[in-house]
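What follows is a single structure, written as structure tokens, with notes after it.
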Amino acid sequence: MYSRILGTGGYLPQQVRTNADLEQMVETSDTWIVERTGIRERRIASAEETPAFMGVQAALQALEAAAMTASELDAVICATTSSANAFPSTACEIALGLGLNDVIAFDVAAACAGFSYAYSVAHNMIIAGQAKNVLVVGADTLAQACDPADRTTIILFGDGAGACILGASDEQGTLAIKLSSDPSRGDLLRLPFPKRGVADNSNCYLYMKGNDVFKHAVTVLAKLVNETLELAGLEAGDLDFLVPHQANLRIITATARKLKLDMSQVIVTLDKQGNTSAASVPLALDEGIRQGRIKRGDKLLLESFGGGFVWGSALIRY
């Protein structure tokens, strides 16, 4: 028994925050942001556009693409670190929004690498025979977790949700998965929970030591892509597309250069979406498919890196 992606979907909030908007909020400029990140605009969720709401919309698109109904799902896994509640989980809220009752549902917290981790869990559930069809959602609203006065983080993050349905198949769709972490570097990228009973929660914004995170991400991802290819018995030249986490264009181009891939073989969405955390990879995957660039049979490398530090990849045949 193998696992294979049956359908994908995505959702982006209506509100757009451009670099020009940010020039009115913090000391920055469009040129500065584009040169250092590649981001030109990002989407900002309204109060109603919670991770669960966005996850439902992305899931409905994925179900339509897979020509399935929600009742055919055996499990819902949501990768998020911005859930509205500790419980019920965002996955349970998504299941409720899809009209499901008797279904496995839980969240995975692995920051920007959350989708890679959730995908791995779904794949292994299918291989173990625990589920046949699993909805995997990445949904985050980390733009709201940034200090509006902190130009190092507020320029980076946007909100959104991406989804895929992973199904049991007699054709091998998932070729290799690699996950890892380095907890010793957790203080370089951190998002504390607000503390109950404390009047001042100003220290609970997202914190990132940008240069250190950048250097480590480039090093880790270079190693990660090689290890994942080796697990699958493939070489970089066998890849059709790289679908990377959309954090920084310089990190993406460095990874593509390591793989000797032309940028036409890389799905890039961060210029219009920013860093959507766990939603980043599934949103990019969905866009590549809906644009007709990614086709059935293509070999794709999905990779991501996030706070923890955690990172992960999946080499798939779509």
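The values are calculated or read from the model by the stated rules, or taken from the named source; none is laboratory data. Keep in mind it's a predicted model, so treat the numbers as computed, not measured. Please note: Cβ atoms are built from the backbone with ideal geometry, for glycine as well, and neighbour counts cover all protein chains shown. Please note that ligands, DNA and RNA were not included when accessible areas were found on the heavy atoms of the full protein model with its side chains. Shrake-Rupley method; radii C 1.70, N 1.55, O 1.52, S 1.80 Å.
What the table shows:
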{"read-out": "Exposed GluC sites (Glu not before Pro) absent - longest run of the chain, DSSP non-H/G/I/E/B, at most 10 other C-beta within 10 Å", "value": "172-318"}
{"read-out": "Too-long pairs where the Cα-Cα distance tops 19 Å, listed order kept, from Lys258/Lys295; Lys223/Lys295; Lys209/Lys258; Lys215/Lys258; Lys272/Lys295", "value": "Lys258/Lys295; Lys223/Lys295; Lys209/Lys258; Lys272/Lys295"}
{"read-out": "Largest-first principal axis extents, alpha carbons of region 169-227, Å", "value": "56, 31, 16"}
{"read-out": "Label-point separation in nm, Met263 to Met25, each point 7 Å along Cα→Cβ", "value": "2.6"}
{"read-out": "For Lys223, solvent-accessible area (1.4 Å; no DNA, RNA or ligand), Å²", "value": "130"}
{"read-out": "Cβ charges +1 (Lys, Arg) and -1 (Asp, Glu), total dipole of region 1-105, debye", "value": "200"}
{"read-out": "Ranking by accessible area, most exposed first, for Ile127, Ile44 with a 1.4 Å probe", "value": "Ile127, Ile44"}
{"read-out": "Rounded Å value of the spacing that divides the Cα centres of region 1-74 and region 81-109", "value": "18"}
{"read-out": "Region 236-284 shape via C-alpha gyration tensor axes, a/c threshold 1.5", "value": "prolate"}
{"read-out": "Part-to-part distance (alpha-carbon centres) for region 265-297 and region 150-193, which is given in Å", "value": "14"}
{"read-out": "Per residue accessible area of region 135-216, 1.4 Å probe, in Å²", "value": "49"}
{"read-out": "Extension gain (nm, one decimal) between Ser180 and Glu227, 0.36 nm per residue minus Cα-Cα", "value": "15.8 nm"}
{"read-out": "Charge-dipole axis of region 1-117 as Lys and Arg at +1 and Asp and Glu at -1 on Cβ define it, positive-most pick from Ala111, Ser46, Leu12", "value": "Ala111"}
{"read-out": "Of all DSSP beta bridges in the chain, antiparallel share, percent nearest 5", "value": "70"}
{"read-out": "Cα-centre dipole for the chain with unit charges at Cβ (Lys and Arg positive, Asp and Glu negative), debye to 20", "value": "560"}
{"read-out": "Net dipole in debye of region 57-147 [+1 Lys, Arg Cβ; -1 Asp, Glu Cβ; about Cα centre; nearest 20]", "value": "160"}
{"read-out": "Selection from Ala176, Asn211, Val198, by position along the positive dipole direction of region 135-246 (Cβ)", "value": "Val198"}
{"read-out": "Rule-of-thumb Rg ratio for region 178-303 [Cα; 2.2 N^0.38 Å; N residues]", "value": "1.22"}
